[in-house]
1. Per residue, what volume in Å³ does the convex hull of the Cα atoms of the range 61-292 enclose?
2. Residue by residue, what Karplus-based ³J(HN,Hα) values in Hz, rounded to whole numbers, does the range 111-124 have, using 6.51, -1.76 and 1.60 with θ = phi - 60° and x for Gly and Pro?
3. Just to be sure I follow: if Rg is taken over the C-alpha atoms of the range 1-158 and Rh is the Kirkwood radius over the same atoms, what is Rg/Rh?
4. Going by how many other beta carbons lie within 10 Å of each one, how would you line up 286, 396, fewest first?
5. Can you compute the label reach from residue 151? Point 7 Å from Cα along the Cβ direction, backbone N cut-off under 16 Å, restricted to the range 108-129.
6. Determine the shape class of the range 378-422: with a ≥ b ≥ c the square roots of the Cα gyration tensor eigenvalues, call it rounded for a/c under 1.5, and otherwise prolate if a/b is greater than b/c, oblate otherwise.
7. Largest first and in whole Å, what are the equivalent-ellipsoid semi-axes of the range 289-431 based on the Cα gyration tensor, each being the root of 5 times an eigenvalue?
8. To the nearest 500 deg cm²/dmol, what mean residue ellipticity at 222 nm is calculated for the chain from DSSP H runs of n ≥ 4 alone, each contributing -39,500 (n - 2.57), summed and divided by the residues?
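Read the figures in this text as sums done on the coordinates, not as results from a lab. Please read all numbers here as calculations on a predicted model, not as lab measurements. Cβ coordinates were reconstructed from backbone atoms using ideal geometry, including for glycine residues, and neighbour counts include every protein chain displayed.
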Amino acid sequence: MKTKLITAQYERLGITPFAVDTVLNAEKEVYNKFEELNQMITYNQLKVIEAMQVYRLCDTHFNWQSGYGYNDSGREVTESIFAKVFGGEDAIVRPLIVNGTHALTLCLTGVLRPGDKMLAISGRPYDTLENVIGTAGPNGSSLMEIGVKYAEINFLEDGSFDEMAIEAALKAEPIKMVYIQRSAGYSFRKAVQIADLEAIVKKVKAIQPETVVMVDNCYGEFLDYREPTEVGADLMAGSLIKNPGGGLALSGGYIVGKSALIELIAAKMTSPGIGKECGLTFGQTRTILQGLFLAPTVAVNALKSAILCAKTYESLGYEVCPSSDAYRSDIIQSVKLGSEDKIVSFCKGIQSASPVDSYVTPLPWDMPGYESPVVMAAGAFVQGSSIELSADAPIREPFVVYYQGGLTYDHGKLGVMSSLSQMERDGVLKK
Ligand SMILES: *Cc1c(COP(=O)(O)O)cnc(C)c1O
């Protein structure tokens with residue numbers, strides 16, 4: 001009876017019987033993994049509640065100031081809570097940080113000075129940082145154009161850090177910042193595990209203790225028992241419309257790290273001498289904190305959805321990364337579909353499974369900051385929120401689609417079914 005009701009509902013949402021069967025079969029094979037993940041939710045949920053209690057969060061913290069925003073206790077408590085949850089000395093959490101790129105940019109421009117060297121040890125950073133660093137060529141404002149030196153070291157073939165090259169680079173000259181991107185971004189590789197991060201930070205610090213280790217933590221929050229700043233990273237940043245916003249934050253970014261670094265960054269964010277003391281929250285502390293409260297559950301729902309997506313497409317013979325049984329460190333699931341029409345179909349399916357803009361057809365476009373045209377499915381309550389069910393793909397070889405998010409597991413599951421149904425309907429699915 002119950003099964004019949006659910007099946008009929010899937011049918012009304014345009015899901016084909018083949019998609020229902022394939023996904024339900026895949027689910028049976030990964031369900032045992034979810035138990036372990038539930039424990040992680042428990043741990044991180046308790047950690048968030050503890051921080052809120054320690055800082056005596058109360059109703060008046062949801063009020064806000066006007067003008068300069070001096071002595072905004074809600075803003076200050078919010079930043080203290082983030083610092084505690086992520087194990088940093090201090091934090092910046094602002095709705096006016098417009099996205100993850102902006103939070104990362106503030107870290108880079110806050111710390112790096114002309115003549116300093118930045119060394120990326122997880123390969124080329126995320127697409128939107130190419131213009132910030134200057135690897136996409138001169139634009140008049142990049143770090144390289146003001147005299148910051150930049151070098152990068154790729155991962156080894158097996159996805160691990162190239163320790164020999166890293167060691168050699170650190171022994172050759174002073175490095176102001178070692179930069180690590182935890183998530184895979186738009187590349188077909190695994191995310192960096194917390195244990196591997198811990199080991200490499202130790203190695204770096206052993207050679208150059210003064211080097212600032214900075215982590216792009218986008219998509220990684222609440223997917224492990226420790227965050228990068230709890231295992232030795234000096235600085236990390238991320239977006240509030242990804243994991244730590246829990247789907248509720250309307251906009252914003254966070255930066256957590258050593259107090260001295262946060263002070264330098266705050267001086268760039270507002271002005272030297274003003275730093276963190278000013279800046280309105282526009283009434284957003286309630287949603288930011290309620291989002292943080294939900295984030296451990298939401299992030300893991302997205303993770304479970306990603307595992308289901310991996311298992312489903314594996315069962316159909318596609319190459320996926322990470323594989324369904326891999327240990328994960330971000331919420332991104334990439335599926336190598338191999339052609340433009342397949343990735344567009346996949347994204348159409350995700351879009352049509354969305355609660356918002358479900359009737360819209362996603363098409364590839366030249367998105368600002370990205371190197372190739374990108375097709376994006378994002379029927380989200382918050383524009384561009386990729387902790388909500390979404391998929392995107394740059395239109396380039398080898399035609400990999402990136403699936404992520406799902407505030408609830410059932411929505412993520414519907415998304416996987418819908419992507420499959422759409423590919424089947426468009427006649428591009430190999431069975
Ligand atoms: C999302 C993301 C960013 C920042 O992107 P925004 O769209 O500016 O928030 C940076 N690095 C990684 C790995 C990301 O996933």
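1. It comes to 117 Å³ per residue, whole-number rounded.
2. Listing the rounded values in order: 9, 8, 10, x, x, 6, 10, 10, 10, 8, 10, 10, x, 4 Hz.
3. Looking at the range 1-158, the ratio lands at 1.13.
4. 396, 286
5. 115-124
6. Judged from the Cα gyration tensor, the range 378-422 comes out oblate (a/c at least 1.5, b/c at or above a/b).
7. 21, 18, 15
8. Counting only the DSSP helices, I get -13500 deg cm²/dmol.
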